[in-house]
Amino acid sequence: MKSSRTLGYSLALAGWLAGSAGAAWAGPTLDAIRQRGTIKVGVGTSPGFFAPDSAGKWQGFFVDFGRALAVTVFNDPEKVSFTSSSPQQRLPALQSGEFDILLSGVTQTVTRAFKLGFHFGPVVFYDGQGLLVKKSLGVTKAADLDGATIGIQSGTTGELNIADFFRKSKKTFKPVVIEETKEFVNALESGRVDALTQDASDLGLRRIQLGKPDDYVLLPERLSKEPLAPAIRAGDDRWLEIVNWTVFATIQAEELGITQANVDEFLKSDDPGIKRFLGVDKSLGEALELDPKFAYNIIKAVGNYGEIFERNIGKKSKVGFERGYNQPWTQGGLLYSPPFR
């Protein structure tokens, strides 16, 4: 039998948990989204990641995660609007409520979490800072750029990373901070700078947009870790968890071998884990206060993580990226979903 003191502690704990749960499951962002009937997403302008097509409809890797979120909340991939925002404007715009979420290739950092007050969802793209240089310079590694003029886009983590690299390597460089995205590339083509530094994925995209791409090379080394993740304002736990488990659903689906083409066949599976994941067993979804078939709906609408990657930026796309670290952990990558239970 419990003592009166132990019983008192237990009742107090139960009351605290009940109060905390109620606070956690409510949230201003999710309430506003439901009242508005659409999710407002901030994106960038890099073909493959986010760009409007010839008909003006947004397409791309990060765009598909925005549509997946709309499926989770509304079971409709079109109940989402995309707005381009520059690296300088995107975080202030998120903080002011202009966006519900940023899917614009934002790097997760401790400063952005603690000082600026943003929460981050799961990493959706593992990247690193690179250097795009003119082949005529004859350099093969970053340290060869001693004394070079290097273009840096303002409002990004690249400014500190490149300064740290040259300081550690005891080399010098001349930074040219550039705000306008178009001018960033023009500076390299015009000879204003010897090299550009930015996330390697971004530089790879910019290289193929140059007039003579073969005149430039992306150096193989990476100067930093750049985990790109969805960013939201702090203070809405429910919205954060919806973001988390929407992304995890795409990762878990790839690990299980579930695709847009075969997801209906998996509905017949006797595996209890798959039945919970796809909502055949409704208990999990109902406990989460979501549509029990939210993961099934996401896969049906946009596919698993691998399909999203390959369709937009993979080897057979115009971008042509290798998966690299962006593979499931079972294949040597860093993608890993917590269990759906």
Those residues of segment 45-58 which are touching a residue at least 12 places away in the same chain (Cβ under 8 Å) and either in contact with a Leu (Cβ under 9 Å, 6 or more places away or on another chain) or of a type in the set (Ser, Thr, Tyr) (or both), in sequence order
THR45, SER46, PRO47, GLY48, PHE49, PHE50
Condition (residue is acidic (Asp, Glu) and not in a helix (DSSP H, G or I)) applied to segment 205-219: is it met by at least one residue?
no
Can you find, within segment 50-66, the residue that is farthest from ILE208 (Cα to Cα) among those that are at pLDDT 95 or above and out of contact with any strand residue (DSSP E or B) (no Cβ under 6 Å at 6 or more places or on another chain)?
PHE65
Within segment 218-236, residues crowded, with 18+ Cβ neighbours inside 10 Å and in contact with a helix residue (DSSP H, G or I) (Cβ under 7 Å, 6 or more places away or on another chain) come out as LEU219, LEU223, SER224, PRO230, ALA231, ILE232, ARG233, ASP236
Which residue pairs have Cβ atoms under 8 Å apart, sit 6 or more places apart or on different chains, and have a first residue in segment 59-71 that is without any contact (Cβ under 8 Å) to a residue 24 or more places away in the chain and a second that is part of a helix (DSSP H, G or I) and crowded, with 23+ Cβ neighbours inside 10 Å?
none
Does any residue in segment 183-195 that is closer than 14 Å to LEU137 by Cβ come within less than 9 Å, Cβ to Cβ, of a residue that is surrounded by 14 or more Cβ atoms within 10 Å (Cβ to Cβ) and among the basic types (Lys, Arg) six or more places away or on a different chain, and which pairs are these?
LEU188/LYS134; LEU188/ARG206; GLY191/LYS134; ASP194/LYS134; ALA195/LYS134
Condition check for PHE266: closer than 28 Å to PHE120 by Cβ and of a type in the set (Phe, Trp, Tyr)
no
Restricting to segment 65-85, give me the number of residues that are farther than 23 Å from ASP127 by Cβ and part of a loop (DSSP other than H, G, I, E, B).
5
Looking only at residues that are polar (S, T, N, Q) and assigned to a strand (DSSP E or B) in segment 46-64, which one is farthest from SER85 (Cα to Cα)?
GLN59
Tally of residues being surrounded by fewer than 16 Cβ atoms within 10 Å (Cβ to Cβ), closer than 17 Å to GLU226 by Cα and not polar (S, T, N, Q) across segment 85-118
2
Here are LEU278, LEU290: which of them is at pLDDT 95 or above, outside the structural domain of GLN209 (by TED's automatic domain parsing) and of a type in the set (A, V, I, L, M)?
LEU278
Where in segment 267-341 are there helices (runs of 4 or more DSSP H), lying wholly inside it, with at least 1 residues that are in contact with a Lys or Arg (Cβ under 6 Å, 6 or more places away or on another chain) and touching a residue at least 24 places away in the same chain (Cβ under 8 Å)?
283-287, 294-302
Considering each of TYR305, TYR325 in turn, give the residue that is under 16 Å from GLU254 (Cα atoms), touching a strand residue (DSSP E or B) at 6+ places or on another chain (Cβ under 8 Å) and surrounded by 19 or more Cβ atoms within 10 Å (Cβ to Cβ).
TYR305
Of everything in segment 230-244, what is within 24 Å of GLU307 (Cα to Cα) and under 13 Å from the mean Cα position of the chain (by Cα)? Give them in sequence order.
PRO230, ALA231, VAL243, ASN244
If you go through segment 153-192 one residue at a time, how many are in contact with a strand residue (DSSP E or B) (Cβ under 6 Å, 6 or more places away or on another chain), modelled with pLDDT of 90 or more and closer than 16 Å to LEU219 by Cα?
4
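The values are calculated or read from the model by the stated rules, or taken from the named source; none is laboratory data. Everything numeric in this text was worked out from a predicted model, so none of it was measured. Using ideal geometry, Cβ is built from the backbone for each residue, glycine included, and neighbour counts are taken over all protein chains shown.
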